[in-house]
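Asks: Sharing a structure here in structure tokens format.
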Amino acid sequence: MDPRIRGDDGNDFYVNLKTLTEPFNSSNTLFNMTFAYSRLNHPLRVPLAAEVHSRPSLRLSASENLTHLAVYARGDSSVGNDNLVIQHEILSGLCAYFGVAAPAGESKYFFHDFGQFRLQWECHTEFATYTFAKIHSEEFSLGDVFDHMPLALIPQGWLLGLQGKLMVAAHVALGPAAPLDAAALAGLRSVLDGDVLAGSTVLQGGEVWTDFLVKADGFSRFVIRDLGFQAQQAGRVVQRVLEVETYRMMALLGLPHAQYAAPHLNDVESELAALTATMTDTDEATLDVLSSDADDEQILLRNITGLAARIEKLSMDNSYRFAASQAYFRLVKARIEELRETRIDGVPTVDEFMARRLSPAMNTCESVVRRQEALAERIAHTNDLLRTRVGIVQERQNRKILESLNTRAAQQLRLQQSVEGLSVVAISYYLAGLLGYVGKAMKAGGVPINPEIATGILVPVIAVGVWLGLRRLHKHVGHVGRQ
């Protein structure tokens, strides 16, 4: 067996065939085996296998404070690589401030320990998230813990550069706690002072509390109480909670589009109803009048085409946003399910809160999508109906044209028959005249004949002969025409 293997560069290299067949009994054998089998991989095997591990949760201790930011840098038209470039520029500015090398341009995940805090950065299709985590060794009361967030360690100049781009800003207080009692619940209500306080037991090892309100400092607050989380559970819970908040806000981006589209859809529906009423109110008499004037149909057709164009433009402007909102909403529900919530008496769960507050907004977006689709179908049906009506009018016009042509042809035939009678008389007259001259010449030559009597006798014969000849000629011409 040839021990050579052809490489990708076209060069041959040699392998020890013995090491490929013997058991692993040395480090050299292991190296040769690994090197040989790594060449069997598909080019995408390793990156695809690593994709499921590309967004790990933070490793969090029992007492940590976190600041979470979601940066939405551009409008709906900026997705994919454009968003990635912009987000890398923002991250590079933060890394440059601390003298840390920024990740490569194609990276969508970055983690670094800056000493005073840790940063986890993730870039998504439309936004990027920054999660700053800081361990606090001192024991703070629940009322004071939100004054010691990692936000104070972030450069203010870099934060000011996010003006107009911040979609989510949240503080998370994670710490060990005793089982919930009246005093602890009162402390939670003092920190989370919203009208509706949502909370639940999650993963049978902790509690999540929030009111989903933006406080005076511009941040929403989450309290996660560790009642006995196992390894990595605290990080997973924090990640799920922050994803719920982020995807909730991204899903709500479709609501302004739905609110903007609703009055436009009402206007289009009203105009379409008026056009349809105009068409249905037209009776046969009016249709006969329209058959002589096609401008009305053209005006109706132009108006319906304009409505179709308006609906198509509205759908194109909203289709991406509504589809994205539904995708984010599904992610919100999936992340809530992963929390495996258990109800706390007297407090709505996060799932119930979203069902009452977020689901109606998503249903509004979905109803607008259905209205757009139904209205587009109605306009198409109305357009088809109008085209059918225009076709009927055109058929009536064509029928009237054919009737007028038939009338004219009949008149021409009668006129032709009249002319043919005169033609028989004229031809007979000329032939009789010629024969009269012949008779006079014969009489002058000594032939005993009376030209006048002979001409009078021949006139009927000549007329009949001319009439028969013309009929035969017409039959011959008609036969040739049919061929």
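A quick yes/no check of all residues on (1) over 30 Å from Leu252 (Cβ atoms); (2) touching a residue at least 24 places away in the same chain (Cβ under 8 Å); (3) touching a strand residue (DSSP E or B) at 6+ places or on another chain (Cβ under 9 Å):
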| site | (1), (2), (3) |
| --- | --- |
| Cys95 | yes, no, yes |
| Phe98 | yes, no, yes |
| Lys108 | no, yes, yes |
| Asp113 | yes, no, yes |
| Trp121 | no, yes, yes |
| Ile135 | yes, yes, yes |
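Asks: Suppose the filter is modelled with pLDDT of 95 or more and in the same structural domain as Phe229 (by TED's automatic domain parsing); does Val168 pass it? Can you show your working first?
Replies: Numbers: modelled with pLDDT of 95 or more: yes; in the same structural domain as Phe229 (by TED's automatic domain parsing): yes.
Answer is yes for this residue.
Asks: I would also like to ask the following. With buried (at least 21 other Cβ atoms within 10 Å of the Cβ), aliphatic (A, V, I, L, M) and under 30 Å from Ile90 (Cα atoms) as the only criterion, which of Val172, Val202 stands out?
Replies: Matching residue, one of Val172, Val202: Val172.
Asks: Taking Leu192 as the residue in question, decide whether it is surrounded by 15 or more Cβ atoms within 10 Å (Cβ to Cβ), within 30 Å of Leu252 (Cα to Cα), without any contact (Cβ under 8 Å) to a residue 60 or more places away in the chain and more than 42 Å from the chain's Cα centre (by Cα).
Replies: No: the conditions fail for Leu192.
Asks: Counting just the residues of segment 228-241 that are touching a residue at least 24 places away in the same chain (Cβ under 8 Å) and surrounded by fewer than 16 Cβ atoms within 10 Å (Cβ to Cβ), which one comes out farthest from Leu252 (Cα to Cα)? Don't jump to the end; show me each part of the working.
Replies: Pass one, segment 228-241, residues touching a residue at least 24 places away in the same chain (Cβ under 8 Å): 229-230, 232-241.
Applying the additional criterion that residues be surrounded by fewer than 16 Cβ atoms within 10 Å (Cβ to Cβ) yields 230, 232.
Numbers: Gln230: 34, Gln232: 30 Å.
Result: Gln230.
Asks: Condition (residue is modelled with pLDDT under 90, assigned to a loop (DSSP other than H, G, I, E, B), out of contact with any Pro (no Cβ under 9 Å at 6 or more places or on another chain) and not acidic (Asp, Glu)) applied to segment 210-225: is it met by at least one residue?
Replies: No - not one qualifying residue is present in segment 210-225.
Asks: Which one is surrounded by the most Cβ atoms within 10 Å (Cβ to Cβ), of the residues in segment 97-152 that are of a type in the set (Asp, Glu) and under 18 Å from His53 (Cα atoms)?
Replies: Within segment 97-152, the subset of a type in the set (Asp, Glu) is 106, 113, 122, 126, 138-139, 144, 147.
In the following step, the residues that additionally are under 18 Å from His53 (Cα atoms) were identified as 106, 122.
Details: Glu106: 9, Glu122: 20.
The extreme case among them is Glu122.
Asks: Further question: Kindly evaluate Ser423 against the criterion of being closer than 30 Å to Leu300 by Cα, part of a helix (DSSP H, G or I), out of contact with any strand residue (DSSP E or B) (no Cβ under 8 Å at 6 or more places or on another chain) and hydroxyl-bearing (Ser, Thr, Tyr). Explain how you work it out, then say what you get.
Replies: On the way: closer than 30 Å to Leu300 by Cα: no; part of a helix (DSSP H, G or I): yes; out of contact with any strand residue (DSSP E or B) (no Cβ under 8 Å at 6 or more places or on another chain): yes; hydroxyl-bearing (Ser, Thr, Tyr): yes.
No.
Asks: Now for a different question. Suppose we keep only residues that are within 44 Å of the chain's Cα centre (by Cα) and part of a loop (DSSP other than H, G, I, E, B) within segment 147-173. Which one would you say is nearest to Tyr97 (Cα to Cα)?
Replies: My answer is Pro155.
Asks: Okay, moving on. Can you find a residue that is touching an Asp or Glu at 6+ places or on another chain (Cβ under 8 Å), assigned to a strand (DSSP E or B) and under 15 Å from Val241 (Cβ atoms) anywhere in segment 174-189?
Replies: Yes, that holds for at least one residue.
Asks: Is it true that Val424 is surrounded by 10 or more Cβ atoms within 10 Å (Cβ to Cβ) and at pLDDT below 80? Give the derivation first.
Replies: Details: surrounded by 10 or more Cβ atoms within 10 Å (Cβ to Cβ): yes; at pLDDT below 80: yes.
Taking the combined requirement at face value, the residue satisfies it.
Asks: Considering only segment 80-131, state which residues are in contact with a helix residue (DSSP H, G or I) (Cβ under 7 Å, 6 or more places away or on another chain), assigned to a helix (DSSP H, G or I) and not aromatic (Phe, Trp, Tyr).
Replies: If the condition is that a residue be in contact with a helix residue (DSSP H, G or I) (Cβ under 7 Å, 6 or more places away or on another chain), assigned to a helix (DSSP H, G or I) and not aromatic (Phe, Trp, Tyr), then Gly93, Leu94 are the ones that fit.
The values are calculated or read from the model by the stated rules, or taken from the named source; none is laboratory data. For clarity, every value in this text was computed on a predicted model and none was experimentally measured. Here Cβ is always computed from backbone atoms with ideal geometry, including for glycine, and neighbour counts include all displayed protein chains.
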